[in-house]
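Note sheet for the following structure.
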Amino acid sequence: MNGPPARRAPAPAMTVIRQEDLIQSVADAFQYISYYHPVDYIRSLAAAYEREQSPAAKDAMAQILINSRMSAEGHRPMCQDTGIAIAFIRVGMDVRWDAKMTLQQMVDEGVRRAYTDKDNPLRASVLADPDGRRKSTGDNTPAVVHVELVPGNELEVIVAAKGGGSENKSKFAMLLPSDSIVDWVLSVVPTMGADWCPPGILSLGIGGTPEKAMLMAKWGMMDPINIQELLARGPKNRAEELRVELYDKVNALGIGAQGLGGLTTVLDVKVNDYPTHAASKPVALLPNCAATRHQHFVLDGSGPATFDPPDLADWPKLALDFKSSRRVDLDSLTKADLASWKAGETLLLSGKLLTGRDAAHKRMVEMLAKGEKLPVDFTNRFIYYVGPVDAVRDEAVGPAGPTTSSRMDKFVETMLSQSGLIGMVGKSERGPAATESIRKHKAAYCIAVGGAAYLVSKSIRKARVLAFADLGMEAIHEFEVKDMPVTVAVDSHGNAVHKSGPAEWRAKIGKIPVVVA
């Protein structure tokens with residue numbers, strides 16, 4: 001006799017994830033991150049603000065922090081670019097589903113609900129037929145979904161909303177095994193300029209294959225900001241050594257907040273690696289901008305995720321000081337008035353301001369080439385590169401921060417020489433050809449702070465569409481603004497603050513030469 005059979009431990013309760021629970025959790029998460037920064041980002045940026053010695057960079061950080069608090073209180077997007085929706089999903093292998101949709105379809109339905117929410121609509125930036133008609137999908141779907149099967153009986157989800165300005169500055173290289181990653185990073189970061197809206201996070205993926213390196217870098221930027229803790233205890237492995245070295249050396253470049261020159265360009269550097277082929281060293285470098293937006297949640301079968309609002313005590317209470325800023329009346333402005341403006345000077349714009357982005361500029365330049373009259377008179381006018389969020393309630397316009405100006409560089413000469421335009425407002429630096437056109441035509445280029453869209457929108461008192469209504473958020477609007485804060489980035493003499501500012505602070509901070517790739 002062998003006795004009674006051994007008793008088996010009871011099987012764990014099966015986790016059943018309901019379709020509606022995942023959909024609603026995704027929707028709520030994307031709404032949440034549209035107006036709440038991660039608290040670790042706010043604490044880190046506030047500390048950098050306190051350390052900052054560059055007045056221009058300090059002002060830019062103050063605007064980002066004030067904008068963040070306003071968005072948290074008003075439940076409106078911190079940035080007009082509410083991003084392309086990304087979801088990283090780890091599915092426990094013991095999970096069961098009560099669902100008829102695919103995982104992609106469930107995530108897409110959550111994104112659709114979030115971006116079309118009537119109380120806080122988000123901008124539909126995703127375009128189908130990317131090399132053809134580039135027509136908006138209308139609800140920001142489809143999302144980009146990455147799935148991994150892992151042990152366990154839970155569903156772990158990270159959602160992120162990634163803006164185009166920072167995504168466009170993603171870098172990848174197949175380095176030789178003997179090449180220096182530090183040298184490569186220091187060669188490419190200066191070429192990224194301020195289009196990615198620093199200060200933010202740089203994330204590296206090293207090894208594996210090209211697509212593995214990119215995914216590691218994307219995943220890594222969702223990790224908590226903890227570089228100060230690492231600096232305090234010291235690195236324990238090669239990845240941590242790289243983090244420390246790159247954090248110090250990238251900040252020593254002096255690029256600073258919004259590329260204006262300063263002590264802090266990055267708040268953290270992330271490094272993740274994976275074994276790779278003996279002949280290879282793939283490296284991906286991805287930036288996360290001032291509108292850092294991601295949320296983590298776990299579903300265990302008990303219902304949808306809930307997201308508690310952060311404690312606004314973590315947000316510093318700041319006030320902007322514009323006492324030394326020059327007030328400008330856009331409605332009476334002439335080209336002669338621009339001659340006294342200096343690169344780096346702060347202005348407060350009031351009056352009527354036109355808007356237009358890539359699609360509007362392309363259409364206008366094509367019309368001018370055909371000898372056609374433009375639908376809007378640009379004589380002695382300024383144009384703002386912006387694609388605003390739709391207004392709700394009593395808003396004149398939704399969050400309306402600047403988009404990357406360099407995308408319009410190829411249109412600058414035509415617009416300045418043929419339309420009567422005398423100035424532009426956007427984000428980050430202009431290229432050499434655009435800067436020369438500004439100098440030649442005695443025009444001016446100003447920047448608003450990227451990542452301060454809700455704050456900027458409070459300066460806009462009225463808004464109406466003047467032309468190209470079919471382009472949606474890219475239509476030509478006329479804004480009536482009151483004391484809209486901007487900085488002269490290129491003056492009528494061709495002086496550019498995005499060159500002079502970082503050069504000044506690089507000389508003050510350290511002795512690292514900038515290597516041009």
Residue within segment 501-515 that is among the β-branched types (Val, Ile, Thr) and open to solvent by less than 20 Å² (accessible area, probe 1.4 Å) present: no
Number of positions in segment 421-437 that are closer than 22 Å to Val328 by Cβ, out of contact with any Lys or Arg (no Cβ under 7 Å at 6 or more places or on another chain), open to solvent by less than 30 Å² (accessible area, probe 1.4 Å) and of a type outside the set (Lys, Arg): 8
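Yes or no, residue by residue, for (1) modelled with pLDDT of 95 or more; (2) in contact with a helix residue (DSSP H, G or I) (Cβ under 9 Å, 6 or more places away or on another chain); (3) closer than 21 Å to Thr264 by Cβ; (4) hydrophobic (A, V, I, L, M, F, W, C):
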residue	(1), (2), (3), (4)
Asn2	no, no, no, no
Ala6	no, no, no, yes
Pro10	no, no, no, no
Leu22	yes, yes, no, yes
Asp28	yes, yes, no, no
Ser68	yes, yes, yes, no
Ser71	yes, yes, no, no
Ala99	yes, yes, no, yes
Spans of helices (runs of 4 or more DSSP H) in segment 410-517 with at least 1 residues within 30 Å of Val189 (Cα to Cα) and of a type in the set (Asp, Glu): 432-440, 497-509
1 or more residues open to solvent by less than 10 Å² (accessible area, probe 1.4 Å), modelled with pLDDT of 95 or more and more than 30 Å from Val497 (Cβ to Cβ): qualifying strands (runs of 3 or more DSSP E) within segment 145-257: 155-162, 200-207
Of residues in segment 258-277 being in a loop (DSSP other than H, G, I, E, B) and of a type outside the set (S, T, N, Q), the one farthest from the chain's Cα centre (by Cα): His277
Filter result for Leu320 (of a type in the set (A, V, I, L, M, F, W, C), closer than 29 Å to Leu471 by Cα and touching a residue at least 60 places away in the same chain (Cβ under 8 Å)): no
Residue in segment 468-494 that is modelled with the lowest pLDDT, counting only those that are of a type in the set (A, V, I, L, M) and open to solvent by 10 Å² or more (accessible area, probe 1.4 Å): Met473
Hits in segment 387-408 - residues which are under 23 Å from Asp337 (Cβ atoms) and either open to solvent by 10 Å² or more (accessible area, probe 1.4 Å) or in a loop (DSSP other than H, G, I, E, B) (or both): Pro402
Residue check, Ala343 over 23 Å from the mean Cα position of the chain (by Cα) and open to solvent by 80 Å² or more (accessible area, probe 1.4 Å): no
Matching entry among Asp329, Asp314, Asp308, Asp337 (being under 30 Å from Ser44 (Cβ atoms), free of Cβ contacts under 8 Å to residues at least 24 places away in the same chain and open to solvent by 30 Å² or more (accessible area, probe 1.4 Å)): Asp308
Lone qualifier among Met70, Met106, Met78 - being in a helix (DSSP H, G or I) and crowded, with 22+ Cβ neighbours inside 10 Å: Met106
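Residue-by-condition table, conditions (1) closer than 30 Å to Gly132 by Cα; (2) among the hydrophobic types (A, V, I, L, M, F, W, C):
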position: His296; (1), (2): no, no
position: Asp311; (1), (2): no, no
position: Phe322; (1), (2): no, yes
position: Ala336; (1), (2): no, yes
position: Leu353; (1), (2): no, yes
position: Gly356; (1), (2): yes, no
position: Asp394; (1), (2): no, no
Residue in segment 331-340 that is more than 24 Å from the chain's Cα centre (by Cα), closer than 19 Å to Val425 by Cβ and in a strand (DSSP E or B) present: no
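The values are calculated or read from the model by the stated rules, or taken from the named source; none is laboratory data. Everything numeric in this text was worked out from a predicted model, so none of it was measured. Reconstructed Cβ throughout: ideal geometry from the backbone, glycine too, with neighbour counts over all protein chains shown. Just the protein is used for accessible areas: all its heavy atoms, side chains included, with ligands, DNA and RNA removed. Shrake-Rupley method; radii C 1.70, N 1.55, O 1.52, S 1.80 Å.
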